[in-house]
Amino acid sequence: MFSPGSFSNPFAFALEPGGGIGKFSLRDKSSKVLINPTVMKGARVLCLGCAGQSNIANTAQNSYTTLNPTQVFNLNIWDGALYQGQNPFMGASNGTGTAWLGRLGDKLIATGEWDYVVLATIAMGASAIAEHAVGGPENLKYGAAFNRMKEIGIMIGDDLNIAAWLLMQGEADKDLGTTQANWQAGFQSLRQSIRDRGDDAPIFVAKCTYINGAASPTIRAGQTAVVNSTDVFAGPDTDTLTGANRWDTTHLGDTGGDNAANMWRDTLLAAQTAGLII
C-alpha cells in the first residue's frame, strides 16, 4: 500500500529562514488528497520545478481551483509524496494564500501534450539569490525535488525526472540593491549546484523583478546575461504584467496569474518543439 513516509530520506535540510508570515514552506497535509503515483506509469508526465520568490509561491491571492486535480499533482518535497494540485501548494511559502500554478497545470493538460503535470513547488517569498546559491537555506530544496521525483520513478518503474526548472526570482534583490555581477554570481552558483547533483533539466529564467510598482533594470540585465541557450533559457517577461495584473503593486492576482500561466505555457510548448523538454 502506498503511503507518504514510505520513502527514503536522501538529503538533509538547512533551517528555513525565519522572519514573519510566509517565510516557511507549507507542510500541512490535513486537507490534501494523496495520489498513488502508479497512475502515471507509462504515461506522458511533465514534472516542473517551480522556484524563486512569492510570485511563484502561494501569494497570488486568486480564487482559482484546479480543473484537473486527477491530472495536475503537487510533489511535496517534505515527505516525497504526490497530492492533488490544490491551493495552497505544499513546499512553497505562505500557507495561508494561493498560487496561480494550478492554472498552468490545467493549461498544459489542455494542450493534449501531456497526461499528467507534476508541480514540484519550492519557492520562498522574499528570498534573495544568495539564499538559492550554494550555502543558502533554499539551495538544498532543488536537490530534494530532483531526488524525490527520481524516487517516485523508481517506485513505479519509470524514468521520471524534473523536465524543466521555472525560476521567478529577483524582486528581493531589487530592494537589497544587489549588483548585476552579484546576482549573476549567485545564479551561477545555483546552476552549478543543480548540475553537480546530476540534474540536467533546462533552467528557464523569467524577467521577474517587479515590486512595489517598479522593475529593476540592474537585475533584469543579470537575468538576460545568464541565458546561454545551452542549459539556461529565457523564460517569460512577467515584469510586463502591471496594473490590474497585481493585487498590491507586487503580487499577481486573478488576471496576472492567468496571464503568467499563459506565458509559461507558451514558453514550455516552444521548448518542447525545440526538443529542450520531453
Quiz item: in contact (Cβ under 8 Å) with a residue 12 or more places away in the chain and either in a helix (DSSP H, G or I) or open to solvent by 40 Å² or more (accessible area, probe 1.4 Å) (or both), is that true of D175?
Solution: yes
Quiz prompt | Cross-chain or 6+ apart pairs with Cβ under 8 Å, the stretch 187-202 first and open to solvent by less than 30 Å² (accessible area, probe 1.4 Å) and outside any helix (DSSP H, G or I), then modelled with pLDDT of 95 or more and among the hydroxyl-bearing types (S, T, Y) | solution = D199/Y142
Exercise. Tell me which of these G153 doesn't satisfy, since it passes every other one: (1) touching an Asp or Glu at 6+ places or on another chain (Cβ under 8 Å); (2) closer than 28 Å to G186 by Cα; (3) of a type outside the set (A, V, I, L, M, F, W, C); (4) open to solvent by less than 10 Å² (accessible area, probe 1.4 Å).
Key: (2)
Quiz item: Has the stretch 224-233 got any residue that is crowded, with 20+ Cβ neighbours inside 10 Å, of a type in the set (S, T, Y) and not in a helix (DSSP H, G or I)?
Solution: no
Quiz item: Is one or more of the residues making up the stretch 126-140 among the β-branched types (V, I, T), surrounded by 24 or more Cβ atoms within 10 Å (Cβ to Cβ) and outside any loop (DSSP other than H, G, I, E, B)?
Solution: yes
Exercise. Give the residue that is farthest from the chain's Cα centre (by Cα), with candidates limited to residues of the stretch 178-231 that are within 24 Å of A261 (Cβ to Cβ) and basic (K, R).
Key: R220
Practice problem: State whether one or more residues within the stretch 224-232 are of a type outside the set (K, R) and within 14 Å of N55 (Cβ to Cβ). | Solution: no
Practice problem: Give the number of residues within the stretch 240-258 that are within 17 Å of the chain's Cα centre (by Cα) and either open to solvent by 10 Å² or more (accessible area, probe 1.4 Å) or under 22 Å from L190 (Cα atoms) (or both). | Solution: 2
Quiz item: Among all residue pairs at least 6 apart or on different chains, which show Cβ distances below 6 Å where the first residue, located in the stretch 36-48, is at pLDDT below 95 and the second is open to solvent by less than 70 Å² (accessible area, probe 1.4 Å)?
Solution: none
Self-check item: Flag if D159 is open to solvent by 10 Å² or more (accessible area, probe 1.4 Å), free of Cβ contacts under 8 Å to residues at least 40 places away in the same chain and in contact with a Gly (Cβ under 6 Å, 6 or more places away or on another chain)
Solution: yes
Quiz item: Would you pick out the residues in the stretch 35-87 that are assigned to a helix (DSSP H, G or I) and either open to solvent by less than 10 Å² (accessible area, probe 1.4 Å) or among the hydroxyl-bearing types (S, T, Y) (or both)?
Solution: P37, T38, M40, S54, N55, I56
Quiz item: Restricting to the stretch 255-278, what's the tally of residues that are farther than 24 Å from S216 by Cα and either in contact with a Phe, Trp or Tyr (Cβ under 9 Å, 6 or more places away or on another chain) or not charged (D, E, K, R) (or both)?
Solution: 11
Quiz item: Looking at the stretch 260-273, which of its residues are of a type outside the set (D, E) and either under 16 Å from W165 (Cα atoms) or crowded, with 19+ Cβ neighbours inside 10 Å (or both)?
Solution: A260, A261, M263, W264, R265, T267, L268, L269, A270, A271, Q272
Quiz item: Checking A206 against (1) crowded, with 23+ Cβ neighbours inside 10 Å; (2) of a type in the set (G, A, S); (3) assigned to a loop (DSSP other than H, G, I, E, B), which single condition isn't satisfied?
Solution: (3)
Quiz item: Quick one: which of A144, A123, A99 is among the aliphatic types (A, V, I, L, M) and assigned to a helix (DSSP H, G or I)?
Solution: A144
Practice problem: Would you confirm whether any residue within the stretch 21-33 is farther than 21 Å from A261 by Cβ, touching a Leu at 6+ places or on another chain (Cβ under 8 Å) and at pLDDT 90 or above? | Solution: no
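The values are calculated or read from the model by the stated rules, or taken from the named source; none is laboratory data. Everything quoted here is computed from the prediction, not taken from an experiment. Please note: Cβ atoms are built from the backbone with ideal geometry, for glycine as well, and neighbour counts cover all protein chains shown. Note: areas computed on protein heavy atoms with side chains; ligands, DNA, RNA excluded. Shrake-Rupley method; radii C 1.70, N 1.55, O 1.52, S 1.80 Å.
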